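For reference, the structure is listed below as structure tokens.
The values are calculated or read from the model by the stated rules, or taken from the named source; none is laboratory data. The shown structure was predicted, so the numbers you read here are calculated from the model rather than taken from an experiment. We place every Cβ from the backbone using ideal geometry, glycine too, and count neighbours over all the protein chains shown. Remember, those area values only see protein heavy atoms, side chains included, never the ligands or the DNA or RNA. Shrake-Rupley method; radii C 1.70, N 1.55, O 1.52, S 1.80 Å.
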Amino acid sequence: MKNRTILLIAILVILLSACSSSASEPAEIKQSRDSCDNCNMGIAELKSAAQLILKSGEPVLFDDIGCMTQYIQTENPEYDAAFVHDSLSREWISFETSSFIQNGHIESPMSYGIAAFESLEKAEEYQKKTEVQCIRKMSF
């Protein structure tokens, strides 16, 4: 009986941790098959893609960081996590802790021209290295 209780508790812990961790991970985006939930364009470039993970666990996908910010402002969704691609590493990073540069010379699918970086220091390094004049450093 004691072993059965321990086994049930272990299974419950595993199930609960699996449920909670899925909301904190970005969903897989199927390039050229998934569409932006804001502008309905196909997501052709993963480097510019962004996403929200709603409280329900459902991902909301975007082809451009600007589409995600517009969606957040107009729809005011309740979400557990938001992710953008780091402009240098191309890895998913947290939207809330990222630093951003906006400039018309930064290419993005919907021409918002927003680039995300995991830190302000990396954004400043990018700006110096590429000699892109920063129109504005953004925080959301």
Under a crude label model (7 Å from the Cα following the beta-carbon direction), how far is residue 129 from residue 88 in nanometres? 0.6
Provide 132, 84 ordered by accessible surface of protein heavy atoms (probe 1.4 Å), highest first. 132, 84
Applying 1/(1 + (r/R0)^6) with R0 = 22 Å to the Cβ-Cβ distance of residue 30 and residue 103, what FRET efficiency is obtained, to the nearest 0.05? 0.15
